[in-house]
Amino acid sequence: MKFNPAEQLEKNPAFGQFRGVNPSISDSATYTFKTAQEMMDTFEGKSEGLFLYTRHTSPSNMYLANALAAMEGTEAANVMGSGMGAISTTILQICEAGDHIVSSRTIYGGSYAIMKNYLPKLNIQTSFVDVTSCAKIEAAIQPNTKMIYVEAMSNPLLEIANIPELAKIAKRHNVLLVVDNTFSPLIMSPIKMGADIVVHSLTKFINGMNDAVGGVVCASEEFITASKSVMDGAAMLIGSTMDSLRSASILKNTHTLAIRMKKHSENALYISQKLENDGARIVYPGLASHKNHELFKEMYNEEFGFGGMITIDALTIEKADKFMELMQIRGFGDLAVSLGFYRTLFNAPGSGTSSEVPEDEQQEMGLSAGLVRFSMGLDHNIENTYQGIKQCMIEVGILESVTV
Ligand SMILES: *Cc1c(COP(=O)(O)O)cnc(C)c1O
């Protein structure tokens, strides 16, 4: 039977101490031991079911980590204080001075900035490559390369990584394939396609409420245990710990992730089909016009659709700004960075979330200045939203009114 990430999320729910339907929250930073020996064993990672200190693990963090490991089909997971906490510690767990990374060039601005600007200080270099060309990715691998880093669906251009092909390349060169699956939880199951490690920003779709920041690393037991080592584990020592109260609240939201993803996808497909028909310059993986549409269909868990992210080219930054301000005034969404929220969010990534990418590189990768990125909300009346967005586009001069 085909792996279903939503069914995995539902399996083995944890109950509370007094038969609560939700697991009890561990409101403690540290934990007691009956004997000194027990403490020693826990320190050395030799005891099962005992907790040492929350930066290492807490029961609440463990419940959320177990749920997300099940969702991605990995042996283990570790939840972190932010998506960047998950990404930076994963890189530092894998790479040391003198090592090299091959990364997609169209990735989240923060991920790009740490590889481009920060890691060179530690003598870790990165080659940024067009993710849609497996040949270019393979050609960029050097003897000191330790990982290939891609986003399953890339930010902000919505390019799709060919995960099965990249996994083969990674195996051939004995490097790890790390996939950021933040844009496509449930839709893509990268581990099942051969990836080694999946990272997420929980801040986005997985939590979905925009009330928390968080991240997760889903990987083998061996990798997660090593990253939590009190002696030399990157996660343990860099200390990007998730707060237990937050873990408990995010865990509850994972139970609506499947229905939310379906609705995000349904709304995004509706809007993009209609607006494309009207003549808008729109990018959405669910459209046959998307350059990776067929590849997406080969890889996705179909019932969750093509995701909630859309980009519309408003031609110039001036028009993009007016367009977004008008939509906000009329209540069709919020001018804000981030994504995966129940309301629609939009921003112009050229000047916003991808401003870490230099302008000439933005042009080269096709990131036009007037690009508006949408994270479609869970709007109940999507036809009304479509009509409203279209009207804003006409008024700002992005769409010809003759096509109405
Ligand atoms: C937001 C985001 C991140 C960073 O996550 P934070 O929780 O903000 O630290 C990483 N990757 C992608 C694709 C993102 O959208």
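The values are calculated or read from the model by the stated rules, or taken from the named source; none is laboratory data. Everything numeric in this text was worked out from a predicted model, so none of it was measured. Counting neighbours? That spans all protein chains shown, and the Cβs are built from the backbone with ideal geometry, glycine included.
Residue 108 meets the conditions (1) crowded, with 22+ Cβ neighbours inside 10 Å; (2) hydroxyl-bearing (Ser, Thr, Tyr); (3) at pLDDT 95 or above in every case but one. The failed one is (3).
Here residue 76 fulfils each of the conditions (1) under 27 Å from residue 139 (Cβ atoms); (2) touching a strand residue (DSSP E or B) at 6+ places or on another chain (Cβ under 9 Å) apart from (1). Considering only residues in the range 142-155 that are part of a loop (DSSP other than H, G, I, E, B) and at pLDDT 95 or above, the one that is nearest to the ligand (Cβ to nearest atom) turns out to be 152. Which count do you get for residues in the range 310-326 that are part of a helix (DSSP H, G or I) and either surrounded by fewer than 24 Cβ atoms within 10 Å (Cβ to Cβ) or within 26 Å of the chain's Cα centre (by Cα) (or both)? Residues that pass the stated criteria total 9. Only residues that are under 17 Å from residue 156 (Cα atoms) and touching a residue at least 60 places away in the same chain (Cβ under 8 Å) were counted across the range 286-312, and they come to 11.
Is at least one residue of the range 298-309 within 16 Å of the ligand (Cβ to nearest atom), in the same structural domain as residue 376 (by TED's automatic domain parsing) and not in a loop (DSSP other than H, G, I, E, B)? Scanning the range 298-309, I find at least one residue that is within 16 Å of the ligand (Cβ to nearest atom), in the same structural domain as residue 376 (by TED's automatic domain parsing) and not in a loop (DSSP other than H, G, I, E, B), so the answer is yes. Please go through the range 97-139 and give me each residue that is within 24 Å of the chain's Cα centre (by Cα), part of a loop (DSSP other than H, G, I, E, B) and in contact (Cβ under 8 Å) with a residue 24 or more places away in the chain, ordered by number. Hits for the range 97-139 are 105, 106, 107, 108, 124, 130, 131, 132. Within the option set 272, 265, 244, being of a type outside the set (Lys, Arg), touching a strand residue (DSSP E or B) at 6+ places or on another chain (Cβ under 8 Å) and surrounded by 21 or more Cβ atoms within 10 Å (Cβ to Cβ) holds for one residue only, 272. When we screen 137, 197, 187, 107 for residues that are away from the ligand (no atom under 15 Å from the Cβ) and on the phi < 0 side of the Ramachandran plot, the only hit is 137.
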